[in-house]
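Asks: One structure is given below, represented as structure tokens, and several questions about it will come after.
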Amino acid sequence: MRETADLSAVRPYGDHLNDGLVQVTFTLPVPYGLAARHAALELARTMRLTEPEVVHYQRLCDGYTYFVVIGQCRQSVDFATLREGAFDIQYLTEPEIDRLIEEQIGRRVVVIGASTGTDTHSVGIDAMLNLKGLDGRHGLEAYHGFEVHNLGSQVPNARLVEQAIAVNADAILVSQTVTQQNLHLHNLTELVEIAEAEGIRDRTLLICGGPRVSHELAKELGFDAGFSKGTYPDHVGTYIAKEMVARRAIASTTATAG
């Protein structure tokens, strides 16, 4: 029988539960040899790994050596506490999302997106919105329940909001890949400010994504949700559909009570 993990003290899993076994890889600017191996082991110990072992090391070029090290991590995290209030929803499939929208919303959900500011990278926003999607999963353009407007890259925030108003968008998606000097923070903050100034913030979902975006950061900046690496179109679609259904239920309850 498989053991049950203690979610208040979660440790890495290698061969068996709670063994703490981890693998780390790194390069040291030292010449290949036994001294380099000893340096890697000493570094692993300073990382608080117990019983470290160099399972592979090789010369990369003069003065540089690459290592693969395994060891035991005895630290743990309280997952039960961390999960409270986290961005954790049950994702739906494409047909399930379409069905939810049809049955609970009764019309197509209008989504508009872009990479804003000077950001020229459109791969992320295209993966979420365009028909081809990502890794065989369709973008929202392929869903029956969504009406999609992809403005592409290098779109000023003011134009994105202007177009969102023009199409009466239910959700605005903004992708940020360029993060030098925290440029993404400026762009994201500006978008929220413009949406508030134009009076659409309360009725429009604001969603951002990018390699250095997290849900926590997004909420801190004033967005409704944030997505990072490992996100697929159905993840974004699930969030939009479920959040709209939830908000409609709250509005209906409030109206009835009033």
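Asks: Just for the range 147-202: of the residues that are among the charged types (D, E, K, R) and in contact with a Lys or Arg (Cβ under 9 Å, 6 or more places away or on another chain), which one is nearest to ILE97 (Cα to Cα)?
Replies: Once the filter is applied, the top-ranked residue is GLU147.
Asks: Please go through the range 78-107 and give me each residue that is modelled with pLDDT under 90 and open to solvent by 70 Å² or more (accessible area, probe 1.4 Å), ordered by number.
Replies: If the condition is that a residue be modelled with pLDDT under 90 and open to solvent by 70 Å² or more (accessible area, probe 1.4 Å), then PHE79, THR81, LEU82, ARG83, GLU84, GLY85, ASP88, GLN90 are the ones that fit.
Asks: Let me ask something else about it. Scan the range 20-27 and give yes if some residue there is assigned to a loop (DSSP other than H, G, I, E, B), out of contact with any helix residue (DSSP H, G or I) (no Cβ under 6 Å at 6 or more places or on another chain) and closer than 30 Å to HIS215 by Cβ, otherwise no.
Replies: So far as the range 20-27 goes, yes, one or more of its residues are assigned to a loop (DSSP other than H, G, I, E, B), out of contact with any helix residue (DSSP H, G or I) (no Cβ under 6 Å at 6 or more places or on another chain) and closer than 30 Å to HIS215 by Cβ.
Asks: For THR189, indicate whether it is among the hydroxyl-bearing types (Ser, Thr, Tyr), in contact (Cβ under 8 Å) with a residue 12 or more places away in the chain and closer than 24 Å to LYS229 by Cβ. Spell out how you get there, then give the answer.
Replies: Values: among the hydroxyl-bearing types (Ser, Thr, Tyr): yes; in contact (Cβ under 8 Å) with a residue 12 or more places away in the chain: yes; closer than 24 Å to LYS229 by Cβ: yes.
Yes, satisfied.
Asks: Out of all the residues in the range 27-38, is one or more of a type in the set (Phe, Trp, Tyr) and more than 27 Å from the chain's Cα centre (by Cα)?
Replies: yes
Asks: Using beta carbons and a limit of 9 Å, which pairs, at least six apart or on different chains, have the first residue in the range 8-33 and at positive phi and in contact (Cβ under 8 Å) with a residue 40 or more places away in the chain and the second one in a loop (DSSP other than H, G, I, E, B) and surrounded by 15 or more Cβ atoms within 10 Å (Cβ to Cβ)?
Replies: Filtered contacts from the range 8-33: GLY20/ARG11; GLY20/PRO12; GLY20/GLY14.
Asks: For the range 32-39, check the following and say yes or no: at least one residue is within 25 Å of THR81 (Cβ to Cβ) and aliphatic (A, V, I, L, M).
Replies: No, that holds for no residue.
Asks: Within the range 108-144, can you find the residues that are among the basic types (Lys, Arg) and under 22 Å from VAL161 (Cβ atoms)?
Replies: Quick first cut of the range 108-144, residues among the basic types (Lys, Arg) only: 108, 132, 137.
ARG108, the sole residue that qualifies.
The values are calculated or read from the model by the stated rules, or taken from the named source; none is laboratory data. The structure displayed is predicted, hence computed values, not measured ones. So basically every Cβ, Gly included, is an ideal-geometry build from the backbone, and we count neighbours across all protein chains shown. When the accessible area is computed, the model is the full protein with side chains, heavy atoms only, and any ligands, DNA or RNA have been set aside. Shrake-Rupley method; radii C 1.70, N 1.55, O 1.52, S 1.80 Å.
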